[in-house]
1. Working carefully through the options A253, A248, find the one that is in contact with a helix residue (DSSP H, G or I) (Cβ under 9 Å, 6 or more places away or on another chain) and of a type in the set (G, A, S).
2. Within the group N243, N212, which residue is free of Cβ contacts under 8 Å to residues at least 40 places away in the same chain, buried (at least 20 other Cβ atoms within 10 Å of the Cβ) and among the polar types (S, T, N, Q)?
3. What tally of residues in the stretch 151-173 results from selecting those that are of a type outside the set (V, I, T) and under 14 Å from L226 (Cα atoms)?
4. Filter the stretch 337-358 down to residues that are in a loop (DSSP other than H, G, I, E, B) and acidic (D, E) and give me whichever is farthest from K122 (Cα to Cα).
5. For residues that are in contact with a strand residue (DSSP E or B) (Cβ under 7 Å, 6 or more places away or on another chain) and of a type in the set (S, T, N, Q), tally how many sit in the stretch 204-255.
6. Looking for whichever is closer than 20 Å to A123 by Cα, surrounded by fewer than 18 Cβ atoms within 10 Å (Cβ to Cβ) and either more than 19 Å from the chain's Cα centre (by Cα) or free of Cβ contacts under 8 Å to residues at least 12 places away in the same chain (or both) here; the options are D284, D317. Which one fits?
7. Tally the residues that are more than 11 Å from V156 (Cα to Cα) and either buried (at least 22 other Cβ atoms within 10 Å of the Cβ) or touching a residue at least 60 places away in the same chain (Cβ under 8 Å) (or both), restricting the search to the stretch 192-209.
8. If we scan the stretch 260-272, do we find a residue that is touching an Asp or Glu at 6+ places or on another chain (Cβ under 7 Å) and open to solvent by less than 20 Å² (accessible area, probe 1.4 Å)?
Amino acid sequence: MRAIRTNAIRSRLGVLLAFLAGLCAIAGFSANSALAADEPRPPLAIQFSLDRPIDAAAAPFVMAAAGGLFSAEALAVTINIASGSPDAIARVAAGTSDFAVVDVNALMRFRDKDKQGGPRIKAVFVLFNKAPYAIIARKSRGIRALTDIEGRTLGVAEGDLSGRLWPAVAHQNSIKIKSVKQSSISAAVREPMLSAGQIDAVTGFSYLSAINLRDRGVPADDLAVLKFADYGCEAYGFAIIANPALAAAKPEAVKGFVRAVIGGLHLTVKDPERAATEVANRMDGGSKDLELERLQSILRDYVLTSEVKRNGIGAIDPARFERSIDQVADDFKFQKRPQASDIFDDQFLPPLNSRLIN
């Protein structure tokens, strides 16, 4: 009897010891897991394309990099320069760039022509709530309002998206577009020709051409800057696009990139002088004062709009976006007209309270 009782006790002790050993093993595994979670993640290498050389429009990205915001999202971002929005979009489509900032209206045209099949590129964040398209003219040549352009010579640079939206704006404002003589010019001579009086007006981005002309000595009070957004143009402007494969495989990386850009915009709005200095330092012969003037124009006219103040940065108004597609169609024959949801994907945006910009 004693032997049976002893064996029973030993058996219970064995079970208890095995149970304790299991608990220790689990505790050790949990501790190791916690330590592993605390280790910094290796940064994900990201290629980011600007669609043009750095200027004040790139301030949010420059400030995100300078402020360590990309690094905080475990992203090692390298910025490269494309030769325009079509080139930047093509880089993202090919996978040689992960993100790019492009004109969202160029994205509509690119997608319509793309016959590659597979996942389609979409915008994930809108930076310019309004497109910066404008006609810039000399008041001394008799142009003060948009209707004054009739019977005049309008210089349009090759590939200038302002010129592509001009027909829609002309129709909306009952301007006889055939009465306007369009002269195809190089972007390099756009401002010099207007400055010299060789043409009456040019299409372009207001924050580029108008400020460049003032820098060339054209008096500010002689410039008529006729922003398309003031004449019924519904178009959005620059937006961030993401490579579809990256967005599908690593959605948190896309969300992190967007958060960093929003943080960079906050820094830009808080201290535009520092932002202009950071931008100018990355330019070849950049002027801090010129870029500050450019940045203030961008923030005032195209970023911190009433729509953004209501709905936060980065998103779209679907109804307005649909109307903007119709305006693009005024000059571009879609093979298949896209819907707003075909062009813009809001799933990577943070909540509204994170997108409000003071």
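1. None of the others qualify; the one that does is A253.
2. N212
3. Summing the residues that are of a type outside the set (V, I, T) and under 14 Å from L226 (Cα atoms) in the stretch 151-173 gives 7.
4. Residue satisfying both the conditions and the ranking: D346.
5. 2
6. That would be D317, the only listed residue that is closer than 20 Å to A123 by Cα, surrounded by fewer than 18 Cβ atoms within 10 Å (Cβ to Cβ) and either more than 19 Å from the chain's Cα centre (by Cα) or free of Cβ contacts under 8 Å to residues at least 12 places away in the same chain (or both).
7. Qualifying residue count, the stretch 192-209: 7.
8. Yes, because at least one residue in the stretch 260-272 is touching an Asp or Glu at 6+ places or on another chain (Cβ under 7 Å) and open to solvent by less than 20 Å² (accessible area, probe 1.4 Å).
The values are calculated or read from the model by the stated rules, or taken from the named source; none is laboratory data. In this text, all values refer to a predicted model and were calculated from it rather than measured experimentally. No Cβ is skipped: glycine too gets one built from the backbone with ideal geometry, and neighbour counts run over all protein chains shown. Note: accessible area is taken over every heavy atom of the protein model, side chains too, but ligands, DNA and RNA are not part of it. Shrake-Rupley method; radii C 1.70, N 1.55, O 1.52, S 1.80 Å.
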